[in-house]
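Peer 1: Pasting a structure here, questions to come.
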Amino acid sequence: LPPRHMDSVVRIVEALESGEPGFTVPELARALGGCSTPGCRLVLGEPPAVPPAPPALTSEQWLLFTQLLRNAAAPEGGAVLAPDGSTVTLGPVFAGIEVGLKRAAGCPAPAIEPPIDTLYAVTIAEALGTSFLLARGGDGHRPALGPAGCWDDVDDPQNYTLLGPPSPIPDAIATGAMDGVLLGAQLAREPIPLANLLRGYYGTGNGTEKGRPPSSYRRRDFGVLTGPGKLEEEVVAMLRVLRELPTTQELLENVGPEEMVAIAHQAAQDFTEVYVECPAIVPRCMWGARPYRGTPKPLTLPLGSVYIHHTFSPSDPCRTFAACSRAMRAMQRFHQDTRGWDDIGYSFVVGSDGYLYQGRGWHWVGAHTKGYNSKGYGVGYVGDFSATLPDPDTIALVRDELLPCAVRTGRLRRNYTLRGHRQMGHTDCPGNSLFREIETWHGFK
């Protein structure tokens, strides 16, 4: 089959849009199973019957599209890899797009009581409310969000494997839901052909070497558009609707109005923290890490310090998933083969593509700041920042997102100390420009 990559999806959408008009692409996605939950059916109607294979598609394209939409609720089967390195489940993307197109065409929203925002209902509100509803009670160990996952081959992605026990909203579904909201809202303002919309948003077909596509800003843009108050309001409204639907009444029969509000509040708060306020971190298996050599030593959390570095080599910032992944592999080879370390030394590495890359991560002692590796996290910016600064977005990724997130999640003490590598040893790292910048950050000593 074609790779499970967003490029393949854009080519399919383009072929469908240029072929004989039958169903719209979102209606076809619904016919194949992309929007099969009770709430989604209520908003968009019962799905049409599955049509014969469209002549505009090859048999392999039709089979891939069918598989992706039939598995819309399971990222292992319904997700694709986007050029920015994120993994996106297509069901909520096409559902949000369909709502956006209906709004642009002036179609009246279905009369649903209590009133709901249909864009949020078909993308995130039903999934989020149901997930936290199912996770309540019990032993408290049932996850309501996550996990991430990894592809077998980022150049020819065919198989996606979750990195832990699945919740109803793994990362790929959360990402697809945010994209569905953003793309639906964009289409409602300015309808354009879907292939153009997807290509512009995900940056497909540009060789992925031209810098950040809009999709790499999804967390920021979703947070600006939505806000936790709006998300909570829509989850409450959706739970009230589900309580009246025959297929979901039983799930909510013992849930009173106050508990419903409490569930929605927790769901909106947790989703916002994990997917809006905390930055996305690319797991090791996504950038192609070699195994750790030996046995990693655990850190004792929370830590009290953060040490800022620049990599110096590579000297150029990496601005794409492909370039940052190459930089990570090169650094790991150097640290393991030349320096003789067990692994890449940094805890986290900062790309200029909008993403952090997992080195040793939150839980294992690194090899970044001699004499202090067990006392703090080592965060390295890709590039040489002796004379220039990272982009403002890339500075903010650590200053405004990673560090507050680490405090909120109990990995870093509230009164943590921030230092540059040069303060702890004989080195120019993290470069004069970056050092002057971090002198202005909270916690710098």
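Peer 1: Relative contact order of segment 6-277, please, whole-number percent, based on alpha carbon pairs below 8 angstrom and at least 6 residues apart. Let's see the in-between values first.
Peer 2: Values: 422 pairs, mean separation 58.9, N = 272.
That works out to 22 percent.
Peer 1: If the cut-off is 22 Å between C-alpha atoms, which lysines fall inside it for LYS102, apart from same-chain ones fewer than 8 positions away?
Peer 2: LYS230
Peer 1: Need one number: % antiparallel among DSSP beta bridges in segment 303-439, to the nearest 5. Please report the intermediate quantities before stating the final value.
Peer 2: Numbers: 3 of 17 bridges.
Looking only at bridges with both residues in segment 303-439, the antiparallel portion is about 20 percent.
Peer 1: Same structure, new question: Using r as the Cβ-Cβ distance of ARG333 and THR409, and R0 as 35 Å, what FRET efficiency do you calculate, to the nearest 0.05? Could you put the intermediate results ahead of the total?
Peer 2: Working: r = 31 Å, r/R0 = 0.88.
It comes out at approximately 0.70.
Peer 1: For segment 303-439, what is the relative contact order in percent, using Cα pairs closer than 8 Å and at least 6 residues apart in sequence?
Peer 2: Numbers: 251 pairs, mean separation 48.0, N = 137.
Worked out over segment 303-439, it gives 35 percent.
Peer 1: Rolling a 1.4 angstrom probe over the protein heavy atoms, how many square angstrom per residue are accessible across segment 299-357? Kindly include the intermediate steps, with their values, before the conclusion.
Peer 2: Values: 2050 Å² over 59 residues.
Ligands and nucleic acids excluded, the result is 35 Å² per residue.
Peer 1: Heavy atoms only, probe 1.4 angstrom, no DNA, RNA or ligands counted: give me VAL365, VAL181, VAL224 ranked by accessible area, highest first.
Peer 2: Values: VAL365 25, VAL181 0, VAL224 120 Å².
Per-residue accessible area, sorted high to low, gives VAL224, VAL365, VAL181.
Peer 1: Could you state the angle between the C-alpha long axis of helix 90-104 and the longest principal axis of the C-alpha atoms of the chain, as a value from 0 to 90 degrees rounded to the nearest 10?
Peer 2: Taking Cα atoms only, the helix is inclined about 60 degrees.
Peer 1: Any idea what angle helix 59-70 forms with the longest principal axis of the chain, computed on alpha-carbon atoms, 0 to 90 degrees, nearest 10?
Peer 2: Computed tilt is about 90 degrees.
Peer 1: May I pose another question? Would you mind calculating the gained length between GLN266 and ALA105 on full extension (0.36 nm times residue separation, minus the Cα-Cα distance), in nm to one decimal? Intermediate results must be reported in sequence, preceding the final value.
Peer 2: Working: separation 161, 0.36 × 161 = 57.96 nm, distance 3.52 nm.
Gain in length upon complete extension: 54.4 nm.
Peer 1: Using amide H atoms built in the peptide plane, which far-off residues or other-chain residues are under 5 Å from GLY149 H to H?
Peer 2: Amide H neighbours of GLY149, under 5 Å, 5+ apart: LEU163.
Peer 1: LYS297: which lysines have alpha carbons under 19 Å from its alpha carbon, excluding same-chain residues fewer than 8 sequence positions away?
Peer 2: Those lysines meeting the cut-off are LYS370, LYS375.
Peer 1: May I ask what percent, to the nearest 5, of DSSP beta bridges between residues of the chain are antiparallel? Mind showing how you got there, number by number?
Peer 2: Values: 10 of 28 bridges.
The antiparallel proportion sits near 35 percent.
Peer 1: So how tilted is helix 126-135 from the main axis of the chain? Cα-based, degrees 0 to 90, rounded to 10.
Peer 2: Roughly 70 degrees, rounded to the nearest 10.
Peer 1: Which value, in debye to the nearest 20, gives the size of the charge dipole of the chain about its Cα centre, when Lys and Arg are +1 and Asp and Glu are -1 at the Cβ? Kindly include the intermediate steps, with their values, before the conclusion.
Peer 2: Values: 40 positive and 47 negative charges, 358 e Å.
Here the chain has a charge dipole of around 1720 debye.
Peer 1: Which of ALA264, ALA323, ALA127 moves most in a GNM of the chain, Cα contacts under 10 Å?
Peer 2: Sorting by GNM fluctuation, first place goes to ALA323.
Peer 1: Let me ask something else. Using the per-residue mean of other Cβ atoms lying within 10 Å as a proxy for protection, in what order, highest first, do the peptides 83-91, 114-122 fall? Don't skip to the answer; put the middle values down first.
Peer 2: Values: 83-91: 26.8, 114-122: 22.8.
So the order, starting with the most tightly packed, is 83-91, 114-122.
Peer 1: Return the carbon/sulfur percentage of the accessible area of the chain, one whole number, probe 1.4 Å, all protein chains in place.
Peer 2: The computed percentage sits at 52.
Peer 1: I want to check the label-to-label distance for THR417 and CYS285. Put each point 7 Å from Cα in the C-beta direction and report it in nm to one decimal.
Peer 2: So the label points at THR417 and CYS285 sit 3.8 nm apart.
Peer 1: Per 0.36 nm of contour for each residue apart, how much would the distance between ASP155 and LEU134 grow if the chain were fully extended, relative to their Cα-Cα spacing? Display every interim value, and only then the final one.
Peer 2: Values: separation 21, 0.36 × 21 = 7.56 nm, distance 3.64 nm.
So the extension gain works out to 3.9 nm.
Peer 1: For segment 1-100, what does the convex hull of the Cα positions come to per residue, in cubic angstrom?
Peer 2: Numbers: hull volume 9.5 nm³, N = 100.
So the per-residue Cα hull volume is 95 Å³.
Peer 1: Summing -39500 (n - 2.57) over the DSSP H runs of n ≥ 4 in the chain and dividing by its residue number, what mean residue ellipticity at 222 nm do you reach, to the nearest 500 deg cm²/dmol?
Peer 2: On the way: 17 runs with 173 residues, N = 445.
That calculation yields -11500 deg cm²/dmol at 222 nm.
Peer 1: A follow-up question, please. With contacts defined as alpha carbon pairs under 8 Å and 6 or more residues apart, what's the relative contact order of segment 64-153 in percent? Kindly include the intermediate steps, with their values, before the conclusion.
Peer 2: Values: 59 pairs, mean separation 14.6, N = 90.
Relative contact order here is 16 percent.
The values are calculated or read from the model by the stated rules, or taken from the named source; none is laboratory data. What you see is a predicted model; the values in this text were computed from it and never measured. Virtual Cβ from ideal backbone geometry, glycine too; neighbours counted across all protein chains shown. In case anyone asks, the SASA skips ligands and DNA or RNA and just uses the protein heavy atoms, side chains included. Shrake-Rupley method; radii C 1.70, N 1.55, O 1.52, S 1.80 Å.
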